[in-house]
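A short write-up of the structure that comes next.
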Amino acid sequence: MLSRGLEARSHAQVRSEFHKHLVRPGLLSRDDGRLYGRLFDLRQLGDYVPGRSLSAEDLGPLLEGAPGLLGRLRRLI
């Protein structure tokens, strides 16, 4: 997003700007937006919910989709 002149002051703002500038205009698919949202939510849980650990069941499907999302993001830079 920095390559597009966008800045955010919080993680929540990054999430909002991601959808506003990349998903809504169609640069990334809605599925990519949902994957990013789920990854964001799990990151929040891992960082801010004491005692919450993430299982392979939590992460498996997300980790399968992450390389594709990263590739599509790289092409936008």
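Each Cα pair under 8 Å and six or more residues apart adds its separation to the average, and for segment 2-76 the resulting relative contact order is 21 percent.
The residues neighbouring Leu6, those whose beta-carbon lies less than 14 Å from its own, together hold a net charge of +3 under the Lys/Arg +1, Asp/Glu -1 convention. Mean residue ellipticity, 222 nm, helices only, the chain: the sum of -39500 (n - 2.57) across DSSP H runs of n ≥ 4, divided by residue count and rounded to 500, is -20500 deg cm²/dmol. What trypsin sites (Lys or Arg not before Pro) in segment 12-57 are in a loop by DSSP, with at most 15 other Cβ atoms within 10 Å of the Cβ? Passing sites in segment 12-57 are Arg52.
A Gaussian network model of the chain, with springs between Cα atoms under 10 Å, assigns the largest mean-square fluctuation among Ser53, Ser16, Ser29 to Ser53.
For the chain, a Gaussian network of Cα nodes joined below 10 Å ranks Leu62, Leu54, Leu22 by mean-square fluctuation, and the top entry is Leu54. Label positions at Ser16 and Ser55, each projected 7 Å from the Cα along the C-beta direction, are separated by 3.4 nm.
The candidate values are [x] 23, 16, 10; [y] 31, 22, 13; [z] 57, 9, 7; the one derived from this structure for semi-axes √(5λ) of the Cα gyration tensor in Å carries the label [x].
Here, each number is a calculation from the coordinates, and none is a lab measurement. Please read these numbers as outputs of a predicted model, since none were measured by experiment. All Cβ positions, even for glycine, are placed from backbone atoms using ideal geometry, and neighbour counts span all protein chains on display.
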